[in-house]
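Structure, as C-alpha cells:
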Amino acid sequence: MRFFSKPSVEEVTYSDFLIVYHFWFVDSKYFEQTYHHNISKQEALKEALLFKHKHEETFNKCAFTVIDLKGVNKGHGM
C-alpha cells in the first residue's frame, strides 16, 4: 500500500459531439441541435451549459443531452 502515490492522470480524448437542446415555454416545445467537431467531452459539456444558461428565463426552460458521435455510423457505405 502506497500512501504517497501520484494521482492518476486521465487521458483527454477528442471526438465529435452532437448536443440536442429541448426548450419549453408554457405550452410550446421545440428542439435545437449543435454539432461540435474535435473537442473533449468536458468542452462539450461546458458549451451545453453555457448555451442553456444564456437561453433559460423565468418561464422558458431548457434541458440538453450530449451525444458522442465516435463509433456512430455516419452514413458511409450504408
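Throughout, read-outs are computed from the coordinates displayed, never taken from laboratory work. Bear in mind the structure is a predicted one, so any value in this text is a computation, not a measurement. Note that we place each Cβ from the backbone using ideal geometry, even for glycine, and neighbour counts take in every protein chain shown.
Here are the numbers for this structure:
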quantity: Cβ-based net charge around W24, under 15 Å, with every Lys or Arg adding one and every Asp or Glu removing one; calculated: -1
quantity: Theoretical gain in end-to-end length, T34 to T58 [0.36 nm per residue, Cα-Cα removed]; calculated: 6.3 nm
